[in-house]
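A.B. asks: Structure incoming, see below.
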Amino acid sequence: MNRYVIKNCKLIPELTEGTGLSEADVLIEEDRIADIAEVGTVFEDISETIDVGHATLMPGLIDAHVHLRWLEESSWVTDVRPSWRSFDEYHYARFMLENGYTTVRDCGDDKCLASEAVRDAEKAGYIEGPRVICAGPTLLPANLNTFPCRQFHHVIAGRDNVRALVRDNICYGADFIKLYGSGSLMTEGNDPNIKIIEEDEIDEVVKIATSRGTYCAIHAHGSEAIDAAVRNGVRTIEHASFITEETLQRLEGRTDMGIVPTVGILHNLTKHGKGSYVDNEDRRVKTIRQVYECIGNAYHNHNVLIGWGTDIALDSYEENPYIEIQTRKNELGFSNIDILKQMTINSAKLLCLDNEIGTVKIGKCADFVVIDGNPAEDIAAMYKKPVHVIRKGRVIY
C-alpha cells in the first residue's frame, strides 16, 4: 500500500477542514488523505517522507472552463485528423497538471470526443494527467457567430431536438451539458448581448440533465441570456460578462448555482491579430471596462458563488499561466483568499465535487499543490510553478 507523509506543511485555514492546525504533517494512504496531525507525529509503516520545509500545502487547483482542443489563439479549429486529437488534448491537459491544476473541466469539445478519451485514459492509469470533466460537444443554436463551430458541435433546433441531443451526449460519456446562450464577446458580425437560445430549450436541457444526475452550464455574455439561464436552473453561468443587478439578486446566497468568469482572456482583446476579435479599439476598451464593472459588482457587492475559469488557448496559457490570477487581483480587486477559494473549494462546489476535492480534509482525494511562500498573504507566490504537484496521492514532481 502507498503510505507516506508530507511533513512540515503550512495550511490555509479557509482551505482546510476538520483541524485547527496551522502547520501539520499529512498522512497519505493510496489516493486519500488519511490523517492531518501535529508536526513531528510518528506514523508507522511509512514508505516515504516528503519534507516541504514549511511551504504551503493547498488542495489541487481547478480550472472550470478550458477547451483542451484549443491549442492556438489564432485558430479555434485544430487542423489534425480526429484520431490524433486526443494526443493534442493530452498535451494541454499535461501542461495544466504541471502548473498545479489537478482538475480541469472541458467546456465543449469536438464530436470525436477526444477529451473523453483523455479522461478515461487518466482514470485507467494509462497516463498522468488531471481529472478531466467533459461536456462533449456543445449544444448551440444556428447563428452567424456560431457558424464556424457547427462542424464539431451540435446545432439545436427546438425542444424535441434538444432532448435527443442531451441524451446522446450523456450516452456518449458527457459528465455535464454545455449550452451556448449568447454570441461571443468580440467576434465580427455578432452582438454578445443578444440571446440566441429559447427558454424552452434551456428548460428542457436542465430537466433532462437533472433527471440523469448531472447539470447544465451555459456560455452567456449578455444579460438576457444570463437571466434566462438563472431562471431556468442552469448551474454554472460561463463568462457572465454583463450580469445585471437583478440577476445577481436572484443568485444572492445560493450554493446550487453560480458564475465562472473568464476575465484573463480579455487581455487578448488588446492584441491586434489575435483570434477573430474585431479590430476596433473603442469597442475593445468599452467591452473590457463593462465586464470589469459587472464582475466587480458581483464580487464586491453580492454573496454570489464565483468559480475559476480561463477559457484561453494553450499558447496563451503558456505565454502567461497566471493572467487570470493577475487580472482578478489587479484589475478587479479580489482578495488573496477569495482568489484561492475560487481556484479550489468554490469551483469544487460548482462542479458538484466538494465531497472529493477543494479542501485539505481527512477522507478527501489526495490532490495537492505545494507552494513556496504563503499565497494567502502574498498572491505573487502563485506566479510560478508549484514546488510539488500531487494527483491521487502520486507525486507528479
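The values are calculated or read from the model by the stated rules, or taken from the named source; none is laboratory data. Source: prediction; values computed, not measured. Positions of Cβ are generated from backbone atoms using ideal geometry, with glycine treated the same way; all protein chains shown enter the neighbour counts.
A.B. asks: Among 162, 155, which is the only one that is in contact with a Leu (Cβ under 7 Å, 6 or more places away or on another chain), assigned to a helix (DSSP H, G or I) and modelled with pLDDT under 95? Break it down into steps so the answer makes sense when it comes.
C.D. replies: Values: 155 fails: assigned to a helix (DSSP H, G or I).
The match here is 162.
A.B. asks: Next question. Is it true that some residue in segment 336-348 is in contact with a helix residue (DSSP H, G or I) (Cβ under 9 Å, 6 or more places away or on another chain), part of a loop (DSSP other than H, G, I, E, B) and either on the phi < 0 side of the Ramachandran plot or among the aliphatic types (A, V, I, L, M) (or both)?
C.D. replies: Scanning segment 336-348, I find no residue that is in contact with a helix residue (DSSP H, G or I) (Cβ under 9 Å, 6 or more places away or on another chain), part of a loop (DSSP other than H, G, I, E, B) and either on the phi < 0 side of the Ramachandran plot or among the aliphatic types (A, V, I, L, M) (or both), so the answer is no.
A.B. asks: Regarding residue 118, is this residue crowded, with 23+ Cβ neighbours inside 10 Å, among the β-branched types (Val, Ile, Thr), at pLDDT 95 or above and touching an Asp or Glu at 6+ places or on another chain (Cβ under 7 Å)? Walk me through it before giving the result.
C.D. replies: On the way: crowded, with 23+ Cβ neighbours inside 10 Å: yes; among the β-branched types (Val, Ile, Thr): yes; at pLDDT 95 or above: yes; touching an Asp or Glu at 6+ places or on another chain (Cβ under 7 Å): yes.
So residue 118 fits the description; yes.
A.B. asks: Could you identify the single residue in 367, 372, 378 that is outside the structural domain of residue 257 (by TED's automatic domain parsing), within 14 Å of residue 130 (Cα to Cα) and at pLDDT 95 or above? Spell out how you get there, then give the answer.
C.D. replies: Numbers: 372 fails: within 14 Å of residue 130 (Cα to Cα); 378 fails: within 14 Å of residue 130 (Cα to Cα).
Being outside the structural domain of residue 257 (by TED's automatic domain parsing), within 14 Å of residue 130 (Cα to Cα) and at pLDDT 95 or above holds for just one of 367, 372, 378, which is 367.
A.B. asks: What pairs come out if I take residues in segment 282-302 that are closer than 11 Å to residue 241 by Cβ and crowded, with 16+ Cβ neighbours inside 10 Å and pair them with residues that are among the hydroxyl-bearing types (Ser, Thr, Tyr) and at pLDDT 95 or above whose C-beta lies under 6 Å away, six or more apart or interchain?
C.D. replies: 291/241
A.B. asks: Also, I was wondering about something else. Give the residue that is surrounded by the most Cβ atoms within 10 Å (Cβ to Cβ), with candidates limited to residues of segment 325-340 that are in contact (Cβ under 8 Å) with a residue 40 or more places away in the chain and either over 21 Å from residue 268 (Cβ atoms) or in contact with a strand residue (DSSP E or B) (Cβ under 6 Å, 6 or more places away or on another chain) (or both). Write out each step before concluding.
C.D. replies: Step one: list which residues in segment 325-340 are in contact (Cβ under 8 Å) with a residue 40 or more places away in the chain, which gives 325-329, 331-332, 336-337, 339-340.
From the residues that got through so far, the ones that are either over 21 Å from residue 268 (Cβ atoms) or in contact with a strand residue (DSSP E or B) (Cβ under 6 Å, 6 or more places away or on another chain) (or both) too are 336-337, 340.
Numbers: 336: 19, 337: 16, 340: 26.
Across segment 325-340, the extreme among qualifying residues is 340.
A.B. asks: Okay, next question. Among the residues of segment 171-202, what is the count of those that are closer than 15 Å to residue 235 by Cβ and touching a residue at least 40 places away in the same chain (Cβ under 8 Å)?
C.D. replies: Going through segment 171-202, the residues closer than 15 Å to residue 235 by Cβ turn out to be 174-179, 181, 202.
Next, from what is left, pick out any that are touching a residue at least 40 places away in the same chain (Cβ under 8 Å): 174-179, 181.
Residues that pass the stated criteria total 7.
A.B. asks: Name the residues in segment 307-324 that are at pLDDT 95 or above, touching a Gly at 6+ places or on another chain (Cβ under 8 Å), surrounded by 23 or more Cβ atoms within 10 Å (Cβ to Cβ) and not polar (S, T, N, Q), would you?
C.D. replies: 307, 324
A.B. asks: Oh, and also: So which residues in segment 341-357 are touching a strand residue (DSSP E or B) at 6+ places or on another chain (Cβ under 8 Å), under 18 Å from residue 235 (Cα atoms) and in contact (Cβ under 8 Å) with a residue 60 or more places away in the chain? Break it down stepwise before answering.
C.D. replies: So in segment 341-357, the residues touching a strand residue (DSSP E or B) at 6+ places or on another chain (Cβ under 8 Å) come out as 342-351, 353, 356-357.
So of that shortlist, the ones also under 18 Å from residue 235 (Cα atoms) come out as 342-351, 353.
343, 344, 345, 346, 347, 348, 349, 350, 351, 353 - these are the residues of segment 341-357 that are touching a strand residue (DSSP E or B) at 6+ places or on another chain (Cβ under 8 Å), under 18 Å from residue 235 (Cα atoms) and in contact (Cβ under 8 Å) with a residue 60 or more places away in the chain.
A.B. asks: In addition: Residue by residue through segment 360-397, note down the ones that are of a type in the set (Gly, Ala, Ser), more than 20 Å from residue 348 (Cα to Cα) and either touching a helix residue (DSSP H, G or I) at 6+ places or on another chain (Cβ under 6 Å) or buried (at least 23 other Cβ atoms within 10 Å of the Cβ) (or both). Talk me through it step by step, then tell me what you get.
C.D. replies: So the first thing to find is which residues in segment 360-397 are of a type in the set (Gly, Ala, Ser), and the list is 363, 366, 373, 376, 380-381, 393.
Filter again for more than 20 Å from residue 348 (Cα to Cα), leaving 373, 380-381.
Answer for segment 360-397, where residues must be of a type in the set (Gly, Ala, Ser), more than 20 Å from residue 348 (Cα to Cα) and either touching a helix residue (DSSP H, G or I) at 6+ places or on another chain (Cβ under 6 Å) or buried (at least 23 other Cβ atoms within 10 Å of the Cβ) (or both): just 373.
A.B. asks: Give the residues of segment 241-259 that are buried (at least 20 other Cβ atoms within 10 Å of the Cβ), touching a residue at least 40 places away in the same chain (Cβ under 8 Å) and β-branched (Val, Ile, Thr), sorted by residue number.
C.D. replies: 243, 259
A.B. asks: Of everything in segment 7-33, what is within 27 Å of the chain's Cα centre (by Cα), hydrophobic (A, V, I, L, M, F, W, C) and part of a strand (DSSP E or B)? Give them in sequence order.
C.D. replies: Passing the criteria: 9, 11, 26, 28, 33.
A.B. asks: I need the full set of residues from segment 84-115 which are surrounded by fewer than 18 Cβ atoms within 10 Å (Cβ to Cβ), under 19 Å from residue 60 (Cα atoms) and of a type in the set (A, V, I, L, M, F, W, C), in order please.
C.D. replies: Within segment 84-115, 95 is the sole residue that qualifies.
A.B. asks: Ok, one more. Would you mind stating whether residue 296 is touching a helix residue (DSSP H, G or I) at 6+ places or on another chain (Cβ under 7 Å) and either in the same structural domain as residue 237 (by TED's automatic domain parsing) or at pLDDT below 95 (or both)? Even if it seems obvious, please write down each step before you answer.
C.D. replies: Values: touching a helix residue (DSSP H, G or I) at 6+ places or on another chain (Cβ under 7 Å): no; either in the same structural domain as residue 237 (by TED's automatic domain parsing) or at pLDDT below 95 (or both): yes.
Against the criterion (touching a helix residue (DSSP H, G or I) at 6+ places or on another chain (Cβ under 7 Å) and either in the same structural domain as residue 237 (by TED's automatic domain parsing) or at pLDDT below 95 (or both)), residue 296 does not qualify.
A.B. asks: Would you confirm whether any residue within segment 99-117 is more than 23 Å from the chain's Cα centre (by Cα), over 25 Å from residue 237 (Cβ atoms) and in a loop (DSSP other than H, G, I, E, B)? Before the answer, list the steps.
C.D. replies: Taking segment 99-117 as the starting set, the residues that turn out to be more than 23 Å from the chain's Cα centre (by Cα) are none.
There is no residue in segment 99-117 that is more than 23 Å from the chain's Cα centre (by Cα), over 25 Å from residue 237 (Cβ atoms) and in a loop (DSSP other than H, G, I, E, B).
A.B. asks: Could you list, in sequence order, the residues of segment 51-75 that are over 30 Å from residue 5 (Cα atoms) and part of a loop (DSSP other than H, G, I, E, B)? Talk me through it step by step, then tell me what you get.
C.D. replies: The initial filter retains those residues of segment 51-75 that are over 30 Å from residue 5 (Cα atoms), namely 65-75.
Selection gives 67, 68, 69, 70, 71, 73, 74.
A.B. asks: When you scan segment 221-237, how many residues do you find that are closer than 17 Å to residue 140 by Cβ and in contact with a Lys or Arg (Cβ under 8 Å, 6 or more places away or on another chain)?
C.D. replies: Here is the first cut: in segment 221-237, the ones closer than 17 Å to residue 140 by Cβ are 221-222, 224-226, 228-229, 232, 234, 236-237.
From the residues that got through so far, the ones that are in contact with a Lys or Arg (Cβ under 8 Å, 6 or more places away or on another chain) too are 222, 224-225, 228.
Within segment 221-237, residues that are closer than 17 Å to residue 140 by Cβ and in contact with a Lys or Arg (Cβ under 8 Å, 6 or more places away or on another chain) number 4.
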